[in-house]
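The values are calculated or read from the model by the stated rules, or taken from the named source; none is laboratory data. What you see is a predicted model, and the numbers here were worked out from it, not measured in a lab.
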Amino acid sequence: MNQELEQLFEEWEQEEIEYQNYLKSQLKESRKIQKFFKIEKEKDIEQEAFNMAALYLYLNMMVFCMRFIVDYVQENIHKKQYKIEKPNYSIHELD
């Protein structure tokens, strides 16, 4: 009977070692996946920051262009309202 217990114990020990190795391999795989997702998340954050900066620059350029257009149009309207036309006299009319 003692030999049977010893054999059972050895089998249990072998199964326990196999299970520990399995757990270690699963842990390594889980760490690889976690590292991959962390890298992907950082890339997504960087891409989002870049997109936000590009949108910010685009909107600022649009505002600048609209201001320029409005100022230009207002300036031309102002010039046309108060424009004094030069009279066209010929030399003969002045005599």
- Mind checking whether some residue in the stretch 29-43 is more than 39 Å from the chain's Cα centre (by Cα) and of a type in the set (D, E, K, R)? no
- Residue within the stretch 70-87 that is modelled with pLDDT of 90 or more and among the aliphatic types (A, V, I, L, M) present: yes
